[in-house]
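J.: Mind looking over this structure? Questions follow.
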Amino acid sequence: MNTPLRRIGMAMMVMIVLLLGNATWVQVVNADKWRLDPHNKRVLLDEYARKRGLITVADGTVIADVKETTDRLRYLRVYNSGPAYAPVTGYLSVTYGTAGLERAENDLLNGSDDRLFARRVSALITGRDPVGGNVQLTLQPKIQQVAYDQLTSKGFTGSVVAIKPDTGEVLAMVSTPSYDPNLLASHDADEQAAAWKQLNAKDANDPLLNRATQALYPAGSTLKVVVAAAALADGKNKDTQYTAAGTIKLPNTQTDLPNFNGTPCGPGQTVSMETALAKSCNTAFGEMAGQLGANKLRRQAEKFGFNDPGLQVPMPVETSTLGQIEDDAALYQTGIGQRNVQITPLENAVIAATIANGGKRMKPYLVSKILGPDLKSIDDTEPDNVEDAMSSANASALRDMMIQSETNTGGEGRQQGLQIASKTGTAEHGAKPLENNPHAWYIAFAPAQKPEIAIAVIVEDGGDRGLGATGGKVAAPIGRAVINAYMAGR
Amino acid sequence: MGSPAPAGEGSPVASVATNTSPGLRPPTRRGTELVMLSFAAGLVTLALILVELNQERSLSLRIVYLGLAYLGLFACAHLAVRRWAPYADPAILPCVALLNGLGLVMIHRIDLALEGVKYLDGSTWSPVAFKQVIMTAIGLLLFAATLKFLSDHRTLARFGYTFGLAGLVALLLPGVLPGFIAPTINGAKIWLRVGQFSIQPGEFAKILLMVFFAAFLVSKRDLFTTAGRRFLGMDLPRARDLGPLFAAWGVTVAVMVLQKDLGSSLLFFGIVLVLLYVATERAAWVVLGVGLFSGGAIIAWRLFDHVQDRVANWQDPIARYDVEFGGGYQISQSLFGLATGGIGGAGLGAGRPEMIPEANSDFITAVIGEELGFIGLAAVLLIYMVFALRGLRSAISVRDSFGKLLGGGLAFAVCFQVFIVVGGVTKLIPMTGITAPFLSYGGSSLLANYILVALLLRISAAARAPQRAPKPKPQQPAIADQHTVMVERPK
């Protein structure tokens, strides 16, 4: 009987070897197939079990904190002043994933970023739990709060972006209506689901959308600074004359291109570029765009940052474009920022900042520093001069024209002793522009002679002024309040 | 390594060992066993400490007490072996101790993870680790009792038919009894419930039937080895000798149909085949048996939904992930856990094995694979292999046919059961739902397996013990002392 028993022994060893081989296949060779399967929640849960990094603003105030809990997910994400910062921080939700910086800097915050490698290894050896890195932002809490209060106190839907012109640091980024990310970060699945349902309801007006980077609007008259920049680059100057007519026909059509209220731009047949910009005359800028042609206009726009699909701050930013320009009629309309022009509030702030910075365009950024779990700096963001969009002489000329424009602009909030350079816009949109309340724009920088802040403000659908809304009446007061808050705090 | 003469055996060398020089007793190796048991206890305590640290984030003296209690339990088992089976194999009990201890730690670990979890019907998870500790104690009592009262395994052969009948009844009882006493749990009808207690008679039937088959085959061995016709190089058995095989096949199919217990029927049939093969030394039995089983399995697959479900889940678990009953969720979770654990594992108490349904019973090896990684799972498999090979070693060296057959069958049963369950959770074969010996939560399985270990130790003790001094042999003729003389062949 011993021979068959020995064979049974062989068979038993074969069985164990088969099991070992198959375990190797499942756990080692083919492990990624199962590990990365979307049904596998273990990886996500592991991230929760790790102490996630903090997000702080410029003065060190923590806006995204973690709190240790006794439940299964161990660490709870806590957002301080949640709604004011939600468009920037985004949210971290077990069920609904991540958004905003929580998504863009996820690897760093959860500790898996390569820059944290050495610390991970040491955590492994010392047996401590690995922790995520911290992210310090460029946002200035005071003006972020002022900007948020300005928009929400009147119930406006819109966005404010403020940039430091000489570095590209984003000083404020607000989008309203906002939301409380704490609800989505909740460890209570029902609370999460209820919040998610409410935020995505039809009448909720897209609170999860970060309008500053993700929403595209017609630029309206704010685009006139780009057209003027193109004309200056083309050899024109502030005194170059353009038509002063109250209404002109678009080339090869019977369609009117009127000024605001059809008012002529000046007493004579023509007006200077300076006056046309100050009074925001559509006819003059239509003609100016027509003279420049689509190519020059496009090139200038690109120098200001249009058509840059790769821009990340570090969240990806929607691409601003002039859109298709089919014919001269379209070119005229593009010249006043209508037709197919689409721009994000961030890009509009970049335009203002570029002019303020003597024509040098700086890449906008939100993350100033990356700190290790021990709060030692791992990586500092260096300001990046992407492109010279204008010569400094032309930038000065344009600035002077924008100072005139500010003088011509209505609305409250002006402060003695602070010179602002600005441009307003009242952008028509929708299928029936005359029945839809226009978007109100305001781009500006101050102090005009030595700019420290550039901003873009948009208030959707006329804010509280309905069809009669203009950039000057609705958006400009908000912009000035933000600028004043910043200058006061310096 | 070996320790000197065991305590309790007073008389000095009274017998002559067969394999050692006259006048010396073979080492009992009980000291080796004790050292290995202590090592196992140390490992288990370490595992418990890690689980507590990772799950509770605190340590208390409780752990030391638990570790000591565990060491105490197995020290008692060790003393029982010393007393009643001093020559038993020294590696088997430590293997069992390590597996059982690791199982207890993992069951406790799942308890911690599921603490306070509310189920849809409003009930909450009730911890089971303590119950399993009690079961371990009872199991070790049974183990010691078996060693004490069964001083010679050959006694069992005399009750072969009684055991066979009892085993058959136990195996089929849950299948035929009405639902209030034999409820269907998770699709299988293999439990008997009396008040608070529920037992799985099939676990005990496995051993009873093995005893029966071993006894039966030994007594009828000559019949089976009588050659039938030769066919394709194999000696086919005679048709009339096929009876037992067909009987076993019938019982297997009955278990599959009545109780929907695929794992047990596969295990049972495998054991019968191996016993037949070892008894007759005929490969033809194996070929015939595998053919019969394959045929039965294919028919079952055609006829029964639950068999089709298992096969479909095996082919593509993700595709059936959301199927509500009998879907691929469980096996998917097992694979997720194993893959997430990877080579080194998530760490004891640091994974998410509680996401696998039945994590503490049928899928406990997946829990080990997730938290201890491939390394840990491989170690557990190798412990099983050591256990089974030591058992087989005993079967090979024991002198009587019944012992050889029973020992071989018991060793194979454990190994084959491991193959079925680990193969199932790692998607090597379709999942058939069976416990992992010594690891899984479940009293019946544990008690039955402790009896199995006692039987193996009894057989191994018989194999290694010095033989009683034979009757004095008649004086050898003087010629035997003479040197052989080479005589040249005449040319």
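The values are calculated or read from the model by the stated rules, or taken from the named source; none is laboratory data. Keep in mind that this is a model prediction, so the values were computed, not measured. All Cβ positions, even for glycine, are placed from backbone atoms using ideal geometry, and neighbour counts span all protein chains on display.
J.: What residue, of B:Gly403, B:Gly376, is assigned to a helix (DSSP H, G or I), more than 9 Å from chain A (Cβ to nearest Cβ), free of Cβ contacts under 8 Å to residues at least 60 places away in the same chain and in contact with a helix residue (DSSP H, G or I) (Cβ under 6 Å, 6 or more places away or on another chain)?
T.: Result: B:Gly376 is the single residue among B:Gly403, B:Gly376 that is assigned to a helix (DSSP H, G or I), more than 9 Å from chain A (Cβ to nearest Cβ), free of Cβ contacts under 8 Å to residues at least 60 places away in the same chain and in contact with a helix residue (DSSP H, G or I) (Cβ under 6 Å, 6 or more places away or on another chain).
J.: Please tell me if B:Thr162 is in contact with a helix residue (DSSP H, G or I) (Cβ under 9 Å, 6 or more places away or on another chain), of a type in the set (Val, Ile, Thr) and touching a residue at least 40 places away in the same chain (Cβ under 8 Å).
T.: Spelling it out, it is not the case that B:Thr162 is in contact with a helix residue (DSSP H, G or I) (Cβ under 9 Å, 6 or more places away or on another chain), of a type in the set (Val, Ile, Thr) and touching a residue at least 40 places away in the same chain (Cβ under 8 Å).
J.: Moving on. Restricting attention to strands (runs of 3 or more DSSP E) lying wholly within the stretch A:352-407, give those where 3 or more residues are among the aliphatic types (A, V, I, L, M).
T.: Correct list: A:367-371.
J.: Within the stretch A:152-231, considering only helices (runs of 4 or more DSSP H) that don't extend past its boundaries, which have at least 3 residues that are farther than 19 Å from A:Val474 by Cα?
T.: Result: A:181-185, A:189-199.
J.: Of the residues that sit in the stretch B:425-442 and are at negative phi and at the interface with another protein chain (Cβ under 7 Å from one of its Cβ atoms), which one is surrounded by the fewest Cβ atoms within 10 Å (Cβ to Cβ)?
T.: Among them, the one singled out is B:Leu428.
J.: Looking at the stretch B:296-338, which of the residues that are touching a residue at least 24 places away in the same chain (Cβ under 8 Å) and of a type in the set (A, V, I, L, M) is surrounded by the most Cβ atoms within 10 Å (Cβ to Cβ)?
T.: Going through the qualifying residues, I end up with B:Leu338.
J.: Can you find a residue that is part of a loop (DSSP other than H, G, I, E, B), closer than 18 Å to B:Ile429 by Cα and within 13 Å of chain A (Cβ to nearest Cβ) anywhere in the stretch B:325-337?
T.: Yes, that holds for at least one residue.
Here's the yes/no breakdown for (1) over 18 Å from A:Gly133 (Cβ atoms); (2) crowded, with 18+ Cβ neighbours inside 10 Å:
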position: A:Asp65; (1), (2): no, no
position: A:Ala86; (1), (2): yes, yes
position: A:Ser93; (1), (2): yes, yes
position: A:Tyr96; (1), (2): yes, no
position: A:Ala99; (1), (2): yes, yes
position: A:Glu102; (1), (2): no, yes
position: A:Asp107; (1), (2): no, no
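J.: Does the stretch B:109-128 contain at least one residue that is closer than 30 Å to A:Asp71 by Cβ and surrounded by 24 or more Cβ atoms within 10 Å (Cβ to Cβ)?
T.: Looking for residues that are closer than 30 Å to A:Asp71 by Cβ and surrounded by 24 or more Cβ atoms within 10 Å (Cβ to Cβ), one finds at least one in the stretch B:109-128, hence yes.
J.: Could you run through the stretch A:472-490 and say how many residues are touching a helix residue (DSSP H, G or I) at 6+ places or on another chain (Cβ under 7 Å) and surrounded by 18 or more Cβ atoms within 10 Å (Cβ to Cβ)?
T.: 6
J.: Could you tell me whether the stretch B:275-287 includes any residue that is of a type in the set (Asp, Glu) and either under 30 Å from A:Lys33 (Cβ atoms) or more than 10 Å from chain A (Cβ to nearest Cβ) (or both)?
T.: Taking every residue of the stretch B:275-287 in turn, none turns out to be of a type in the set (Asp, Glu) and either under 30 Å from A:Lys33 (Cβ atoms) or more than 10 Å from chain A (Cβ to nearest Cβ) (or both).
J.: If you don't mind, another one. Of all residues in the stretch B:358-373, which are within 10 Å of chain A (Cβ to nearest Cβ) and out of contact with any Ser or Thr (no Cβ under 9 Å at 6 or more places or on another chain)?
T.: B:Gly373
J.: Could you pull out every one of the helices (runs of 4 or more DSSP H) wholly within the stretch A:57-148 that has 1 or more residues that are modelled with pLDDT under 85?
T.: Result: A:106-109, A:117-126.
J.: A further question on this structure: Residue check, A:Thr319 against (1) without any contact (Cβ under 8 Å) to a residue 40 or more places away in the chain; (2) buried (at least 19 other Cβ atoms within 10 Å of the Cβ); (3) among the hydroxyl-bearing types (Ser, Thr, Tyr), all met but one. Which one?
T.: Unmet for A:Thr319, out of (1) without any contact (Cβ under 8 Å) to a residue 40 or more places away in the chain; (2) buried (at least 19 other Cβ atoms within 10 Å of the Cβ); (3) among the hydroxyl-bearing types (Ser, Thr, Tyr): (2).
J.: Could you tell me which of the residues B:Ser394, B:Ser445 is more than 18 Å from B:Val274 (Cβ to Cβ), part of a helix (DSSP H, G or I), more than 10 Å from chain A (Cβ to nearest Cβ) and in contact with a helix residue (DSSP H, G or I) (Cβ under 7 Å, 6 or more places away or on another chain)?
T.: Every option except B:Ser445 fails the conditions.
J.: Could I ask something else about it? Filter the helices (runs of 4 or more DSSP H) completely within the stretch A:1-56 down to those with at least 3 residues that are charged (D, E, K, R) and facing chain B (nearest Cβ under 9 Å).
T.: Answer list for the stretch A:1-56: A:31-35.
J.: Moving to a separate point now. Can you tell me which residue among B:Val418, B:Val422, B:Val398, B:Val367 is within 12 Å of the chain's Cα centre (by Cα) and either surrounded by fewer than 23 Cβ atoms within 10 Å (Cβ to Cβ) or among the β-branched types (Val, Ile, Thr) (or both)?
T.: It is B:Val418.
J.: Does A:Thr263 fit the bill of being within 18 Å of A:Thr470 (Cα to Cα) and touching a Gly at 6+ places or on another chain (Cβ under 8 Å)?
T.: Judged against the criteria, A:Thr263 is a match.
J.: With respect to the numbered conditions (1) modelled with pLDDT of 90 or more; (2) surrounded by fewer than 22 Cβ atoms within 10 Å (Cβ to Cβ); (3) assigned to a loop (DSSP other than H, G, I, E, B), which one is the sole condition not fulfilled by A:Asn340?
T.: For A:Asn340, the exception is condition (1).
J.: Which of (1) surrounded by 15 or more Cβ atoms within 10 Å (Cβ to Cβ); (2) at pLDDT below 90 is the odd one out, the single condition B:Leu68 does not satisfy?
T.: Going through (1) surrounded by 15 or more Cβ atoms within 10 Å (Cβ to Cβ); (2) at pLDDT below 90 one by one, B:Leu68 breaks only (1).
J.: Here's a check for you: in the stretch B:339-357, which residue that is closer than 21 Å to B:Glu52 by Cα and away from every other protein chain (no Cβ under 11 Å) is modelled with the lowest pLDDT?
T.: Only one residue fits best here, namely B:Gly349.
J.: Further, regarding this structure: For residues that are basic (Lys, Arg) and part of a loop (DSSP other than H, G, I, E, B), scanning just the stretch A:410-452, find the one that is surrounded by the fewest Cβ atoms within 10 Å (Cβ to Cβ).
T.: Checked the stretch A:410-452; the qualifying residue surrounded by the fewest Cβ atoms within 10 Å (Cβ to Cβ) is A:Lys432.
J.: Ok, one more. I'm checking my understanding of the structure. Among residues of the stretch B:456-491 that are within 22 Å of B:Ile383 (Cβ to Cβ) and surrounded by fewer than 24 Cβ atoms within 10 Å (Cβ to Cβ), which one is modelled with the highest pLDDT?
T.: Within the stretch B:456-491, the match that is modelled with the highest pLDDT is B:Ala461.
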